[in-house]
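Engineer: There's a structure below that I have some questions on.
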Amino acid sequence: MDFYHLPLSAPCQSIRLLAKALGLHLNLKEVDLLKGEHLKPEFLKINPQHTVPTLVDNDFVLWESRAILTYLCEKYGKNDGLYPKDPKKRAVVNQRLYFDMGTLYQRFSQAFYPVMMEGKELNPELVVKLNEALEFLESFLDKTPFAAGDKLTVADFSLLTSITTIDVAAGHDLSKYANIQRWYSQLKESVAGHQEICVEGAIQFRDTFNPIKNCCHIVPESESKSSTAMPRLDLYYNIISPPCRVVLLFAKWLKLELNLIELDVLKRDHYKPEFLKLNPQHYIPTLVDADGDVVVWESSAILIYLAERYGAADDDTLYPKDIALRAKVNQRLFYDLGTLMRSVTTYYHPILMGGEGKLEDFKKVQDAVGVLNSFLSASRWTAGDHITVADFAIAVTVAALDGLLNFDFSVYPNVHRWYEQCKRELVGYTDITKEAGQRTQAFLERFRTMRAADQQQLCEQQRTVRQKQKEDGTDDQQHQQQQQQQQYTELQTQPRSGRTRDTAPDYARKPNESTRMATED
């Protein structure tokens with residue numbers, strides 16, 4: 001097997017750890033991203049998304065590390081210990097994998113990448129978010145010795161490399177997380193290759209960039225429950241959330257009845273104690289199955305669980321049993337979460353806050369849709385000739401892209417064809433999308449009204465303080481200093497009278513053509 005990787009990458013390290021545990025030989029092919037080797041035509045031919053890690057197993061190509069992890073376990077594992085076949089146990093493992101990608105490692109990268117790669121100051125607010133993710137992991141490990149239960153699974157391999165990078169490369173303090181420390185110490189000793197693969201890779205990561213110094217929880221299963229009985233499925237949700245709409249849509253396809261429990265996020269219903277008891281990460285959607293026997297969150301993990309638990313026994317196309325096909329579906333799910341949806345939210349968030357989206361962020365949206373277009377170049381659906389859970393996830397993201405940004409799909413013919421196909425064939429797609437659009441507009445109006453009220457209150461507080469300063473006579477000196485600073489600034493920025501020669505360069509006097517065009521863009 002050829003394995004295209006970067007030694008300093010935590011996701012790449014997780015594959016090497018697992019391969020060592022499974023006794024597999026990888027033909028290591030290092031790809032230097034800093035030299036642009038991932039953009040060379042020969043690599044783009046293998047992986048049009050140009051990401052590492054990428055695995056080539058004979059004629060089968062796969063990328064996204066968590067999809068590769070599950071593929072290797074299913075194809076080459078001696079048993080199902082590392083990636084269980086039992087739907088409930090597997091749901092926990094899947095949730096932890098999605099948590100690692102979408103929450104833990106993402107928050108690490110948001111906090112430390114700008115510091116390590118751009119020399120920026122560490123943002124305290126982003127550190128708080130990273131610590132929150134670590135607290136989630138701490139809670140996962142509160143009742144079990146490993147990340148997804150009583151036994152080592154692929155989730156531990158993925159999380160171990162992330163934690164090692166957070167610890168060694170970033171030097172982030174983990175001492176206050178007792179469960180993580182216990183788990184981390186155990187795996188450092190028991191997982192073969194940790195030192196030479198993870199620790200040395202993290203050191204290389206640190207030195208290369210010269211840094212400036214499930215979500216799922218399962219409670220004991222009741223044996224009195226019958227797997228064939230009509231399920232009781234509680235879904236905590238809000239329809240404005242695309243991940244929540246994915247679950248609604250897929251449940252309609254499976255003809256499952258959901259007991260819908262709507263949470264108002266503006267009223268912070270998701271932080272109420274009764275919900276936190278179910279889901280300490282306070283995320284929606286959250287699915288409670290069989291009177292509380294299973295609690296699952298992270299929409300992709302919910303889709304997989306529902307497909308395996310309630311899909312037709314004689315048809316596994318929604319989430320295939322075939323290892324290669326399943327790996328491709330997993331890769332598409334990770335692409336949706338880590339690439340497509342992330343690009344949309346990154347671009348749209350400033351707009352939501354009343355500003356403007358950045359051109360470079362919109363370019364990333366276009367690139368992500370371009371990758372989807374390549375996925376669909378040779379197949380009817382995103383992962384092959386049959387509809388899978390990946391189509392439901394990506395279809396809702398694309399609908400959000402269409403509704404929020406009026407994105408032009410006509411230049412992506414494969415996506416356009418597939419999108420129209422989804423509108424026709426996915427049961428309830430049009431109704432759910434329409435209702436979501438209406439509810440989203442109402443939500444945005446409420447959000448902006450609340451934000452305006454908060455700003456008005458802040459202004460009133462500032463005026464009150466200002467008035468008090470004037471009454472106390474403490475404001476005169478400060479006001480005089482501000483006037484002097486303003487006069488100085490004006491002298492520095494305005495042309496001086498009486499000059500016999502204008503010494504300012506052309507670009508300071510008049511914007512050139514390239515500047516004008518950039519402003520228009």
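Engineer: Equivalent ellipsoid semi-axes for segment 1-159, as square roots of 5 times the alpha carbon gyration tensor eigenvalues: give them largest first, rounded to whole Å.
Structural biologist: Ellipsoid half-lengths, sorted descending, are 26, 25, 11 Å.
Engineer: Something else about it: Taking 29 Å as the cut-off for C-alpha to C-alpha distance, list the pairs among LYS20/LYS89; LYS20/LYS129; LYS89/LYS423; LYS143/LYS188 that go past it.
Structural biologist: LYS20/LYS129; LYS89/LYS423
Engineer: At a probe size of 1.4 Å, how large is the accessible area of THR153, to the nearest 10 Å²?
Structural biologist: 10
Engineer: What is the spin-label model distance, in nm, from ALA442 to TYR113 if the labels are put 7 Å beyond Cα along the C-beta direction?
Structural biologist: Calculated label separation equals 3.7 nm.
Engineer: Cβ under 13 Å from ILE46's Cβ, ILE46 left aside: what net charge do those residues give with Lys, Arg +1 and Asp, Glu -1?
Structural biologist: Details: positive: LYS29, LYS40, LYS45; negative: ASP2, GLU37, GLU42, ASP57, ASP59.
Once all neighbours under 13 Å are counted, the net charge is -2.
Engineer: Relative contact order, percent, of segment 1-84 when contacts are C-alpha pairs under 8 Å separated by at least 6 residues? Let's see the in-between values first.
Structural biologist: On the way: 105 pairs, mean separation 27.2, N = 84.
32 percent.
Engineer: On a C-alpha basis, how far is the centre of segment 121-159 from the centre of segment 349-375 in Å? Whole number, if you could?
Structural biologist: Value for the Cα centre distance between the two parts: 29 Å.
Engineer: Go ahead and run the numbers for FRET between LYS151 and ASN179, Cβ-Cβ distance against an R0 of 22 Å, rounding to 0.05.
Structural biologist: 0.85
Engineer: If you average the C-alpha positions of segment 227-284 and of segment 29-59 separately, how far apart do those two centres end up, in angstrom?
Structural biologist: 38
Engineer: Can you give me the Kirkwood hydrodynamic radius for segment 323-427, using every pair of distinct Cα atoms, in Å to one decimal?
Structural biologist: Computed over Cα pairs of segment 323-427, the Kirkwood hydrodynamic radius comes out at 14.0 Å.
Engineer: Please compute the contact order of segment 2-209 in relative form: average sequence separation of alpha-carbon pairs under 8 Å and at least six residues apart, divided by the residue count, as a percent.
Structural biologist: Relative contact order here is 26 percent.
Engineer: Expected output is a single nm value to one decimal: the length gained when fully extending between ARG463 and LEU276, i.e. 0.36 nm times separation in residues minus the C-alpha distance. What is it? Numbers along the way, then the final one.
Structural biologist: Numbers: separation 187, 0.36 × 187 = 67.32 nm, distance 3.89 nm.
Stretched out fully, the ARG463 to LEU276 stretch lengthens by 63.4 nm.
The values are calculated or read from the model by the stated rules, or taken from the named source; none is laboratory data. Not measured: the values here are computed from a predicted model. A quick note on method: Cβ atoms are made from the backbone with ideal geometry, for glycine too, and the neighbour counts reach across all protein chains shown. Please note that ligands, DNA and RNA were not included when accessible areas were found on the heavy atoms of the full protein model with its side chains. Shrake-Rupley method; radii C 1.70, N 1.55, O 1.52, S 1.80 Å.
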